[in-house]
1. Would you confirm whether any residue within the stretch A:136-154 is over 24 Å from residue B:30 (Cβ atoms) and among the aromatic types (Phe, Trp, Tyr)?
2. State whether the residues of the stretch A:106-121 include one that is aromatic (Phe, Trp, Tyr), touching a residue at least 40 places away in the same chain (Cβ under 8 Å), closer than 21 Å to residue B:17 by Cβ and part of a helix (DSSP H, G or I).
3. Somewhere in the stretch B:180-189, is a residue away from chain A (no Cβ under 14 Å) and farther than 25 Å from residue B:262 by Cα?
4. Please verify whether residue A:143 is more than 9 Å from chain B (Cβ to nearest Cβ), of a type in the set (Gly, Ala, Ser), under 19 Å from residue B:20 (Cβ atoms) and surrounded by 14 or more Cβ atoms within 10 Å (Cβ to Cβ), treating the condition exactly as stated.
5. Could you count how many residues in the stretch A:78-97 are over 21 Å from residue A:143 (Cβ atoms) and either touching a Leu at 6+ places or on another chain (Cβ under 6 Å) or buried (at least 18 other Cβ atoms within 10 Å of the Cβ) (or both)?
6. Tell me, which residue of the stretch A:146-169 that is surrounded by fewer than 17 Cβ atoms within 10 Å (Cβ to Cβ) and of a type in the set (A, V, I, L, M) is farthest from residue A:59 (Cα to Cα)?
7. Exactly one of (1) surrounded by fewer than 20 Cβ atoms within 10 Å (Cβ to Cβ); (2) touching a helix residue (DSSP H, G or I) at 6+ places or on another chain (Cβ under 6 Å); (3) modelled with pLDDT of 70 or more is unmet by residue B:267. Its number?
Amino acid sequence: MTFVFFFWPAGQAALQSVQRGDAFGLATRFAGLENFASVLGDPLYLASVEVTAVFSLAVAVLALAPGLLLAVMADKVVRGAAFYKTVLLLPYAVAPAIAGVLWLFLFNPSVGIVAAALRRAGIDLNYLLNGPEALLLVILAAAWKQISYNFLFFLAGLQAIPKTLVEAAAIDGAGPHRRFWRIVFPLLAPISFFLLVVNIVYAFFDTFGIIHNVTQGGPAQATEILVYKVWYDGVVGLDLGGSAAQSVILMAIVIALTAIQFRFIERRVHYG
Amino acid sequence: MVNVTRNAWIPHAVLLLGLALVLFPVYVAFVASTLTLRDILDAPMTLVPGPNLLANYREALALGTAGTNGQPVGAMMLNSLVMALAIAIGKIAISLPSAYAVTFFRFPLRRVCFWAIFVTLMLPVEVRIIPTYKIAADLGLIDTYPGLALPLIASATATLLFRQFFLTIPDELVEAAKLDGAGPWRFLIHMVIPLSRTNIAALFVILFIYGWNQYLWPLLVTNTPAMTTIVVGIRQMIGNGDAQTAWHLVMATALLALLPPIAVVGLMQRWFVKGLIEPEK
């Protein structure tokens, strides 16, 4: 009986170790460190690193701030709270690729209604031609989808804060702003940090669908984030070694991020 | 004590603004899916729904567009559904017993197994696409349902979540079952599975959405239009300048792609929220 149960996880683990083994095999056995050297020396790759950094930071900030604001507001509301919560939850279920399509439609230079409204206001946007504008569009689409996730976690965090603390501060004469910044916000810090890591990981990986749908990394690699480059170089460009080397670098980044996250979780468990 | 009555309208106003921001893109897509292509191209389009709702959806579901080689959206939805269900059910079916084994049994290499499972958590599919693709190709899984689902089943998130839940089952319960003469199978079926029913439901929702929304892997592993999932297929409908994009059908498809995961979340919201937040806290 024990053997049967042992067999499952062992088999699963074996399967996965093969998969990982291959990634390292491709990168190390055939070419040594050459792939890494050529990848890291490639100006296009470095540009992609920069784009990814801007992209994921912007997405994290734009998804976290509204999420927090809405959660604080939803925490105050009594009537209709369930309704707000349900609707704000919906984008979580939307595929990143579909979110990309929705925003693409709003900003499309020929048919998009937001693009038309902006043009009337004298702002002519064209994400097909202008790199920074394209980046802005994918950031908006990516952040839009992630707001509900952050909202949910912030709301749970807020509701876990004992009301007595806030009331004690109110009795001591602290105004609403002071109460928020001195008591509520510091208590939310752990969850904010957790969400920051989650959002960055999201921006790194799950946004592939948005990029592929909306801009295909263009114009002129302005929105080519690292995951997209791994896919493009490997599948379209057929540079398997380079692509695998990029995979390994990405893997190192994820492991670093996850390690930071677990460190922090441990610490939090420790302090109760 | 904390004054809530004064300025009570502010939270509502902010929340309504948030709702508008969340719903606006979806609403525009909905309106577009009820218009004719001519109405949409006559920019800026109206924000009042038109009369072509049923006609557009029927056309998209049954006929598809030129960009998808006439592959109807209905068939893509079926592919998505099969893939999402296979991933959700498969993952639960594998991770439940393996979490059970890691938690309740002592066998040699138990820690090694646990860590082997744990490490895979850190590596999303996107990172190991190329090697995984090679394996799938070697096994002849390209353009098949198993090819779509299997590589996504093989990851450990669910195992870890189940383990965390199993750890909360008190030892007394295990011992009581043992005293009553229940073997490991009986304990699993009569105690552990009923106890974890909510967790299974929550996990099902999360995994269903995860499976339905997969993009990169289906894009790689399917080559024939007949196997495309809806989330991937919509890309091919948006023209790249050579052909006029059938926006009304694209938007109808986008809404069709939104609907199943939203329905699942809406119907199972209670368990889903619990399942999403609790394991990560």
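The values are calculated or read from the model by the stated rules, or taken from the named source; none is laboratory data. These figures come from a predicted structure and were not determined experimentally. Glycine gets a Cβ as well: all are built from the backbone with ideal geometry, and neighbour counts include every protein chain shown.
1. Within the stretch A:136-154, one or more residues are over 24 Å from residue B:30 (Cβ atoms) and among the aromatic types (Phe, Trp, Tyr).
2. For the stretch A:106-121, residues aromatic (Phe, Trp, Tyr), touching a residue at least 40 places away in the same chain (Cβ under 8 Å), closer than 21 Å to residue B:17 by Cβ and part of a helix (DSSP H, G or I): absent.
3. yes
4. Answer is yes for this residue.
5. Qualifying residue count, the stretch A:78-97: 0.
6. Filtering the stretch A:146-169 for residues that are surrounded by fewer than 17 Cβ atoms within 10 Å (Cβ to Cβ) and of a type in the set (A, V, I, L, M), the one farthest from residue A:59 (Cα to Cα) comes out as A:168.
7. Going through (1) surrounded by fewer than 20 Cβ atoms within 10 Å (Cβ to Cβ); (2) touching a helix residue (DSSP H, G or I) at 6+ places or on another chain (Cβ under 6 Å); (3) modelled with pLDDT of 70 or more one by one, residue B:267 breaks only (2).
For every residue, the table says whether it meets (1) under 30 Å from residue A:137 (Cβ atoms); (2) among the aliphatic types (A, V, I, L, M); (3) buried (at least 18 other Cβ atoms within 10 Å of the Cβ); (4) more than 11 Å from the chain's Cα centre (by Cα).
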position: A:193; (1), (2), (3), (4): yes, no, no, yes
position: A:198; (1), (2), (3), (4): yes, yes, yes, no
position: A:213; (1), (2), (3), (4): yes, no, yes, yes
position: A:216; (1), (2), (3), (4): yes, no, no, yes
